[in-house]
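Visitor: Attaching a single structure in structure tokens format; questions to follow.
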Amino acid sequence: MQTDSYANNPEWEDVQPIPQDDGENPLVPIAYSREYSEAMDYFRAVARVNEKSQRVLELTAHIIDMNPAHYTIWQYRQSLLDALKMDLNTELDFIDVLAEEKSKNYQIWHHRQVVVEKLGNGSREIAFINKAIEDDSKNYHAWSYRQWVVQAFNLWDNELSYVEDNLRIDIRNNSAWNHRYFVVFSRPDAKIDDSTVQREVEFSKRMIKIAPNNGSSWNYLLGVLRKCGQSVETLEPFLDELSKDNIQSPHLLSTKILLYEHAAQKQERSINDEALKLCDELASKYDPIRSKYWGYRKSQLQAISI
Amino acid sequence: MTLAFFCLGSLSLLGQLDSAVSEKDRKEWIDWIYAQQVLPDPEDLDKSRYTCGFKGSSWAGHSYDPQATSTKYDPNDTASIPNTYTALANLLLLGDDLSRVNTKAIATMLKHLQQEDGSYAPTYGSSETDIRFVFCACVISHILDDWSGVDIDRATAFIRNSQSYENAMGQSPEGEAHGGSTFCGVAALTLMGKLKEGLVDRDELIKWCLARQISGFQGRPNKKEDTCYCFWIGGALQNLGAFHLVNDANLRSFLMSTQTIRGGFGKDSESPPDVLHSYMGLATLSLMKEPGLTELDTALNIPIAGVNHLRKLRGHQ
């Protein structure tokens, strides 16, 4: 990376830098470093005349390294890739290095997508994303980008086992749960038959038994049932089984309440007192931080008209 | 521009904006904001209609002109939707009358940035489309009182499609449900008057939001609590009419633990303070009606002084 000052660099001799003109009393005077200010002064000058050259490519790399959030610099760099007919794999190398430190930055991921789209080849992407997820298993950008890659290059086959590897490491990784839902239900050629639904329901039940307080697996289970139009009442034996094992998870109790609510609505009768008792227990004992919610839930249930 | 919003917004919530800012600064800062407005170029109307609105700073080096009525088209110096939102909010907080805002040009820019699926790109040429910019587009349209840049049905459909199996919103369809995205989706629906049509299951959404409270709020299940999610989720609950179900005492004690001796709030008790989290901390305390703080409008995410000023400009009240 270039550290020599541009003013003393013969390669930049022909360029007259353009300073930022911010008036006399800017609202947000930013204390830019001298290095950043100077690089930007030169960037302004070359962007003004739309210069597309190797030295500008290097200049954008220098600026991105100091400030990866500068959207326009990325956009300019993309136009350089086209104009200079750059080897796009070299650009992926550049992003590989950059992403090691800055994987939470939005622009890096978008730039990667733009380059890979131009390249029309996603063969490096899964390894790249895996690395980001190893560093931060819930990186939102990495998981979103993974969805795009899987879809764009039809890479569905290994995804379910990848999700399971992640859940083995951390059963509470909600990003992995969301990805599972995507892989199961958004695959264009997916057949969502009874056996698929059964598999997903059994999988989430197994995960709930391992960690009954894990909201991610409960949300997934209820989401699958809703998606497939299955009634929550089918869960009754499972909930009873958990209760017999003396499990007191708020998610278990809250799902029981849901069952009572459904039953009352379906049979057009008032709510079973047991549901109201569960609301009280959640409020006072099992989920006291949400005591106001459980009071509200109780009044909702009492309002089910007969 | 956005940094300025967090600073001016915080001062406004503290009720100190008028006393902390001199008349000279107020006027010159308003001028500075107008100098960031990208306007139609009479010589290149065709291209410049995609780029109008406010940019974040004067980084591109064009000369400072707060009274301009046109700017020269420059593909590298385009306005963005988030900066247009915070610029307008800043102008309202500083008591400007918006008379130099080119409303028509901004509505046209919005119209061109809305995508087929109802989402918005943040700026011309970007493929980074998601729910954040739908929210900003709605706030802009509300402030300007001109909704011609928003296809409301499509925007509503996009937000509906962005609700995952958890019944809360992700950044875009199929994305993981997320506190920030949920705030944006709910606030946008509120501003469009489409809460009913846009929500898959309001009760379940409220439950999801409340389930994020540890003491403070986390942004997603099984993540750490963070000052900014106290506001994003608290604000969503307020727009859903359910903020009263939050555990105030716990939330307040979490926020107090994120304040530092230097002043300001960090994202948690171990982090240094910054202007974003300071604004978010104050905004959440304001939702809880903390004495000494002013109210805020959670659909617009603008302190009440700015919103009242807008009402006056529009001849209400």
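Bear in mind these aren't lab numbers, they're just calculated from the coordinates by the rules spelled out. Computed from a predicted model, the values in this text were never measured in an experiment. Note that each Cβ is placed from the backbone with ideal geometry, even for glycine, and that neighbours are counted across all protein chains shown.
Visitor: What does the convex hull of the Cα atoms of the protein assembly as shown come to per residue, in Å³, rounded to a whole number?
Guide: On the way: hull volume 106.1 nm³, N = 623.
Considering the Cα atoms of the protein assembly as shown, their hull volume per residue is 170 Å³.
Visitor: Along the Cα→Cβ direction, 7 angstrom out, place labels at A:K85 and A:R55. What is the inter-label distance in nm?
Guide: 2.3
Visitor: Report the Cα centroid-to-centroid distance between region B:166-240 and region B:46-93 in angstrom, as an integer.
Guide: 31
Visitor: So, one more: Please give, to one decimal in nm, the separation of the simple spin-label points placed at B:D248 and A:K285, each 7 Å out from Cα toward the Cβ.
Guide: Result for the modelled spin labels: 2.9 nm.
Visitor: What does the charge count near B:K72 come to, summing +1 for each Lys or Arg and -1 for each Asp or Glu among other residues with Cβ under 12 Å from its Cβ? Working shown, then result.
Guide: Working: positive: A:R48, B:K47; negative: B:D41, B:E43, B:D44, B:D65, B:D74, B:D77.
Once all neighbours under 12 Å are counted, the net charge is -4.
Visitor: Compute the acute angle (0 to 90°) between the alpha-carbon long axis of helix B:202-211 and the principal axis of greatest extent of the alpha-carbon atoms of chain B; round to the nearest 10°.
Guide: For B:202-211 against chain B, the angle is about 70 degrees.
Visitor: Additional query: Residues of region B:168-208 with the amide nitrogen closer than 17 Å to a label point 7 Å from the Cα of A:D136, along Cα-to-Cβ, please.
Guide: Under 17 Å, as judged by backbone N against the label point of A:D136, lie B:171, B:176-181 of region B:168-208.
Visitor: A further question on this structure: Based on the alpha-carbon gyration tensor of region B:44-154 and its eigenvalue square roots a ≥ b ≥ c, which shape applies: rounded if a/c is under 1.5, prolate if not and a/b is larger than b/c, or oblate?
Guide: Working: a/c = 1.68, a/b = 1.22, b/c = 1.38.
It is oblate, given that a/c is not under 1.5 and a/b is not larger than b/c.
Visitor: Let me ask something additional. What is the calculated FRET efficiency for B:K104 to A:K209, with r their C-beta to C-beta distance and R₀ = 60 Å, to the nearest 0.05?
Guide: The computed FRET efficiency comes out at 0.50.
Visitor: Can you list residues whose amide H is under 5 Å from B:F217's amide H, if they're 5+ apart or on another chain and H is modeled 1.01 Å from N?
Guide: Here the answer is B:D226, B:C230, since their amide H atoms fall under 5 Å of that of B:F217.
Visitor: Taking B:K196 as the anchor, which lysines have their alpha carbon closer than 21 Å to its alpha carbon, excluding any fewer than eight residues away along the same chain?
Guide: A:K227, B:K207
Visitor: Right, another one. Taking the Cβ of A:R297 as the center, what net charge do the other residues with Cβ under 10 Å away carry, scoring Lys and Arg +1 and Asp and Glu -1?
Guide: Numbers: positive: A:R290, A:K292, A:K298, B:K207; negative: A:E261, B:D203.
Net of charged neighbours comes to +2.
Visitor: Arranged by the count of other C-beta atoms within 10 angstrom, fewest first, what order do B:S253, B:S215, A:S217, A:S195 take?
Guide: Working: B:S253 12, B:S215 16, A:S217 26, A:S195 9.
Neighbour counts put them in this order, fewest first: A:S195, B:S253, B:S215, A:S217.
Visitor: Starting from the Cα of A:K205, draw a straight line to each of the aspartates and glutamates and keep only those under 19 Å, dropping any in the same chain fewer than 8 residues away.
Guide: Excluding near neighbours in sequence, the set is A:E164, A:D165, A:D170, A:D193, A:D194, A:E233, A:E236, A:D240, A:E241, A:D245, B:E166.
Visitor: Which chymotrypsin sites (Phe, Trp or Tyr not before Pro) from region A:138-237 combine a DSSP loop assignment with at most 15 other Cβ atoms within 10 Å? Present the calculation step by step, with values, prior to reporting the outcome.
Guide: Values: sites: A:Y140, A:W143, A:Y145, A:W148, A:F153, A:W156, A:Y162, A:W177, A:Y181, A:F182, A:F185, A:F203, A:W218, A:Y220; in loops: A:F153, A:W156.
Filter output for region A:138-237: A:F153.
Visitor: From the backbone phi of region B:126-142, what are the Karplus-calculated ³J(HN,Hα) couplings (6.51 cos²θ - 1.76 cosθ + 1.60, θ = phi - 60°) in whole Hz, Gly and Pro given as x?
Guide: Taking θ as phi minus 60°, the curve returns 8, 9, 7, 8, 6, 5, 4, 7, 5, 4, 4, 4, 5, 4, 4, 5, 5 Hz for region B:126-142.
Visitor: Across region A:7-14, in residue order, what do the Karplus-derived ³J(HN,Hα) couplings come to in whole Hz, using 6.51 cos²θ - 1.76 cosθ + 1.60 with θ = phi - 60° and x for Gly and Pro?
Guide: My calculation for region A:7-14 gives 4, 9, 9, x, 5, 10, 3, 6 Hz in order.
Visitor: Separate question: Using only Cα atoms and rounding to the nearest 10 degrees, what angle (0 to 90) does helix B:2-13 make with the longest principal axis of chain B?
Guide: Tilt of helix B:2-13: around 60 degrees.
Visitor: What is the sum of charges, Lys and Arg at +1 and Asp and Glu at -1, for the other residues whose Cβ falls under 14 Å from the Cβ of B:Q213?
Guide: Working: positive: A:R290, A:K292, B:K207, B:R212, B:R220, B:K223, B:K224, B:R252; negative: A:D287, B:E225, B:D226, B:D248.
Computed value for this residue: +4.
Visitor: Among rounded, prolate and oblate, which fits region A:90-165 when a ≥ b ≥ c are the square roots of the eigenvalues of its C-alpha gyration tensor, a/c under 1.5 means rounded, and a/b larger than b/c means prolate?
Guide: Oblate, because a/c is 1.5 or more while a/b does not exceed b/c.
Visitor: Averaged across the residues of A:246-259, what count of C-beta atoms belonging to other chains lies within 10 Å of each residue's C-beta?
Guide: Numbers: counts 0, 0, 0, 0, 1, 1, 0, 0, 2, 0, 0, 0, 1, 0.
Shielding by partners across A:246-259 averages 0.
Visitor: Treating the beta-carbon of each Lys and Arg as +1 and of each Asp and Glu as -1, no other charges, what is the dipole magnitude of region B:73-210 about its Cα centre, to the nearest 20 debye?
Guide: Values: 10 positive and 19 negative charges, 56 e Å.
Charge dipole of region B:73-210: 260 debye, to the nearest 20.
Visitor: Quick query: amide H of B:D297 versus all other amide H atoms, modeled in the peptide plane; which residues come in under 5 Å with a sequence gap of 5 or more or a different chain?
Guide: Result for B:D297 returns B:I302, B:I304.
Visitor: Just flag the GluC sites (Glu not before Pro) in region A:93-185 sitting in loop per DSSP whose Cβ has no more than 16 other Cβ atoms within 10 Å. Each step should come with its number before you reach the end.
Guide: Working: sites: A:E100, A:E101, A:E117, A:E125, A:E134, A:E159, A:E164; in loops: none.
Answer by residue number: there is no such site.
Visitor: To continue, here is another question. Determine the dipole magnitude for region A:225-306: charges of +1 sit on the beta-carbon of Lys and Arg, -1 on that of Asp and Glu, nothing else is charged, the reference point is the Cα centre, and the result goes in debye to the nearest 20. Don't jump to the answer; show the numbers that get you there.
Guide: Working: 12 positive and 12 negative charges, 76 e Å.
Computed about the Cα centre, the dipole is about 360 debye.
Visitor: OK, next. Between A:K244 and A:K118, what length comes free when the chain is fully extended (0.36 nm per residue of separation minus the Cα-Cα distance, one decimal in nm)? The partial results should precede the final answer.
Guide: Values: separation 126, 0.36 × 126 = 45.36 nm, distance 5.74 nm.
Using 0.36 nm per residue and subtracting the Cα-Cα distance, I get 39.6 nm.
Visitor: I need the trypsin sites (Lys or Arg not before Pro) found in region B:268-313, filtered to DSSP loop residues with at most 13 other beta carbons within 10 Å of theirs.
Guide: Numbers: sites: B:K289, B:R311, B:K312; in loops: B:K289.
Here the sparse-neighbourhood loop sites are B:K289.
Visitor: Related question: Here are some pairs, A:K209/B:K223; A:K85/A:K118; A:K85/B:K72; which of them have Cα atoms lying more than 18 Å apart in this structure?
Guide: From A:K209/B:K223; A:K85/A:K118; A:K85/B:K72, over 18 Å: A:K209/B:K223; A:K85/B:K72.
Visitor: Next question. Given axes a ≥ b ≥ c from the Cα gyration tensor, I'd like to know whether chain A is rounded (a/c under 1.5), prolate (a/b larger than b/c) or oblate. Let's see the in-between values first.
Guide: Numbers: a/c = 3.50, a/b = 2.25, b/c = 1.56.
Prolate is the answer for chain A, as a/c is 1.5 or above and a/b outweighs b/c.
Visitor: Step through the residues of region B:306-314 one at a time and calculate ³J(HN,Hα) from phi using the Karplus curve (6.51 cos²θ - 1.76 cosθ + 1.60, θ = phi - 60°), rounding each to whole Hz and writing x for Gly and Pro.
Guide: Each residue of region B:306-314 in turn: x, 5, 4, 4, 4, 4, 4, 4, 8 Hz.
Visitor: By a straight-distance test (C-alpha under 17 Å), which aspartates and glutamates pair with B:K104 as possible cross-link partners, with residues fewer than eight away in the same chain excluded?
Guide: B:D41, B:D44, B:D46, B:D145, B:D146, B:D151
Visitor: Also: Would you mind ranking B:C184, B:C136 by Cβ crowding within 10 Å, fewest neighbours first?
Guide: Ordered by Cβ neighbours within 10 Å, fewest first: B:C136, B:C184.
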